[in-house]
Amino acid sequence: MCGISGYVGPRKVCDIIVKQLKKMEYRGYDSVGLSVVNENGIKTIKTVGRVAAVEKMVENANLSGACGIGHTRWATHGEPSVRNAHPHSTSKVSIVHNGIIENSEELKKWLESRGYVLESETDSEVIAKLLDFYYDGNPVGTLRKVSLLLEGAYALGILFYDVADAVFALKKDGPLIVGICDDEKFLSSDLNAILEYTNRYFVLEEDEIAVIKQDKIEIFGADNKEIKKAESVANWQAGVSDKQGFPHFMRKEIAEQPCVISNIILKNIKDGLPNFSADGIPDDYLNRFKRVCIVACGTARYAGLAGKNWIEKFARIPVDVIIASEFRYMDPILSKDTLVIFISQSGETADTLAAARLVKAAGINAIGIINTVGSSITREVDYNIFTEAGIEVAVASTKAYMAQIAVLYLFALKLGLLAGSLTTGKVHFFCNEFIDLPEILEQLFVDKEEKIESFAMLCLKFEIVFFTGRGLDYLLVLEGALKLKEISYINAQAYAAGELKHGPISLITKDALVIALATQGYVLRKTVSNVQEIKARGGNLLLLFKSGMDISEELLSNSIKLPRVGDDVMPFLAAAVLQLLAYHVACAKKLDVDKPRNLAKSVTVE
């Protein structure tokens, strides 16, 4: 989850590394540091806090050289502190690490028995000390020797004290790319961090070592033989990760959702029907599955739950949705007629990636719904549907979630058409409804944001907020509650409306706020009945409902009326409203909306 940067070139090394780290700060913001190597050896500076803190230190430090590495940390082992911050350096080496070394305690004892003093609480420091112990003047050979001792996950940037013209990199189960320019080279955990300089890059594969110099890049495989790799070219543009006048990235990314849906429409609807040929998925591949299993974490899993609803409704195919971190340990029952769908914004989510590798090893069919081209999960599945959402910077996902449910909606329609459970005419109708969504969503922001902001002030009065709904509404409030707790730190819990009487209703008092969704016509009466029970017990209510629904006036005193569209596309509108509500609550509390405490954007460790 930490961010790694590296640079070799003619510019001022520290300035480039600091710029890269700023672009990756959402990956971790507990501490930050950098190292530079020159003919006099390695110089390291690091501190607790955000990248701005080390930027000030750089201004007062004399750090010259052509090579450097940097790191912004999300703490896994050891509290946020200077001694736990990266880089970890010795007189011979300096390293930055993203991942977890699972046998670090064993390695620490071994190092201590040889006279080394471990100065930090981190698992990462053992890598620096092992490199120091084994270094014999051959960087690649030493890196390979040490890599064989490490158990766990690691993406590493390394400097050696006697190599003043190269940054080294080593990768196992962690994202790492090498950016290519004619007279300068870059190392990064994230493509976003180098787009200002180049859109050409290599993705490092498992157990590969890169030697990155100003005029060339050498990559060695597990057998230490040099590998010739083809360049990749990013289709994202520099500048898309700027706020572009919005106060926060999260608000900008919410505003981008109509465009995200439009892009998916242009790519995945042809002649009025869902079509995935742009991602190379043939119909005969999709038309052979009797069961679907969706594997994801967090927000992506909640997207998967919406997908389950649509696939089962439209295609009549049973769907399981499994938390990725549980998947490997539950001995899942998979067969050749099962399609496994992995959902991830980054394509690097550690638990989801581990599950994908398990499925691949078992020879089971798999598809990724991924935002990041060339990411690790994309290389473990048969096909990928790329969501084309662009760079998402805010830790709390908004447009990536919207893109995921948009793809799942069209995917469910496609399966229904192939299975014969939906007619062509019916699918045309559903697609036409979907095509209208971007314009409706744009207008929703114009019409409702002021009211949503006023209701955010209502939320501030409560320390606990309950979300409730039925059917698709229940699946939406799960994500709505997650958004509120992620960025506002309010204890938000979501319950199926029919489950309230089975325990949770005991928590409803005048001190509780309940946010209820009533957008699904087929369960409207039941939902309204549950909402009335909340009111009868003194609960405070905020109701989101669809225009044209018959709801008594007593329930409408605090309410938001959403545009009237079909039940199955209501989640797209309701999701945007819940995102905006969470956003404005966090803003009213004057919190760091884009970088909430204890969270990082891309969860690349288990």
Exercise for review: Over the alpha-carbon set of the stretch 292-331, divide Rg by the Kirkwood Rh and report the Rg/Rh ratio to two decimals.
Suggested key: 1.01
Practice item. Tell me what the chain gives for mean residue ellipticity at 222 nm when only DSSP H runs of n ≥ 4 count, each as -39,500 (n - 2.57), the sum divided by the residue total, rounded to 500 deg cm²/dmol. Key: -11000 deg cm²/dmol
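How many percent of Cα pairs in the stretch 80-209 exceed 27 Å?
Details: 1489 of 8385 pairs.
Roughly 18 percent, rounded to a whole number.
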Review point. When only C-alpha pairs under 8 Å and at least 6 residues apart count, what is the relative contact order of the chain, in percent?
Key: 12 percent
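Counting only other residues whose beta carbon sits under 12 Å from that of Ala518, what net charge do I get with K and R as +1, D and E as -1? Write out the running numbers ahead of the final one.
Details: positive: Arg470, Arg525, Lys526, Lys546, Lys561; negative: Asp473, Asp550, Asp567.
Taking every other residue near Ala518 into account, the sum is +2.
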Practice item. Set Lys and Arg Cβ to +1 and Asp and Glu Cβ to -1, take the dipole of the stretch 262-372 about its Cα centre, and tell me which of Ile323, Ala355, Phe289 lies farthest positive. Key: Phe289
Check your understanding: Between the stretch 96-167 and the stretch 17-38, what is the C-alpha centre distance in whole Å?
Key -> 20 Å
Review point. Taking K and R as +1 and D and E as -1, what net charge do the other residues with C-beta under 12 Å from the C-beta of Ala278 add up to?
Key: 0
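Once you keep just the Cα pairs under 8 angstrom separated by 6 or more residues, what percentage relative contact order results for the stretch 1-159? If you can, show how the numbers build up before the last one.
Numbers: 349 pairs, mean separation 39.9, N = 159.
It comes to 25 percent, rounded to a whole number.
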Point to revise | Over the chain, equivalent-ellipsoid semi-axes from the Cα gyration tensor in Å | key: 45, 27, 22
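Beyond 22 Å, what share of the Cα-Cα pairs of the stretch 463-594 remains, rounded to the nearest whole percent?
Working: 2641 of 8646 pairs.
When all Cα pairs of the stretch 463-594 are counted, 31 percent exceed 22 Å.
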Check your understanding: Using bins 10 angstrom wide from zero, how does P(r) for the stretch 1-112 break down, in % of all Cα pairs?
Key -> 16, 48, 28, 8, 0
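Quick test of the membrane-span-like rule: which DSSP H helices of the chain reach at least 20 Å along their long axis (C-alpha atoms) with mean Kyte hydropathy at least 0.0?
Details: long enough: 298-315 (25 Å, -0.28); 399-419 (30 Å, 1.47); 437-459 (29 Å, 0.24); 472-488 (24 Å, 0.74); 570-588 (27 Å, 1.68).
Counting only whole DSSP H runs, the qualifying helices are 399-419, 437-459, 472-488, 570-588.
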Check your understanding: Cα centroid distance between the stretch 467-510 and the stretch 299-332, in Å?
Key -> 20 Å
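Once the cut-off is 20 Å, how many percent of the Cα-Cα pairs in the stretch 220-303 end up in the long-distance tail? Spell out each step's value before the answer.
Numbers: 2344 of 3486 pairs.
Of all Cα-Cα distances in the stretch 220-303, 67 percent exceed 20 Å.
We did not get these values from a lab; they are worked out from the coordinates using the rules stated. Since this is a predicted model, take the numbers as computed values, not measurements. Don't worry about glycine lacking a Cβ; one is built from the backbone with ideal geometry, like all the others, and counts go over all protein chains shown.
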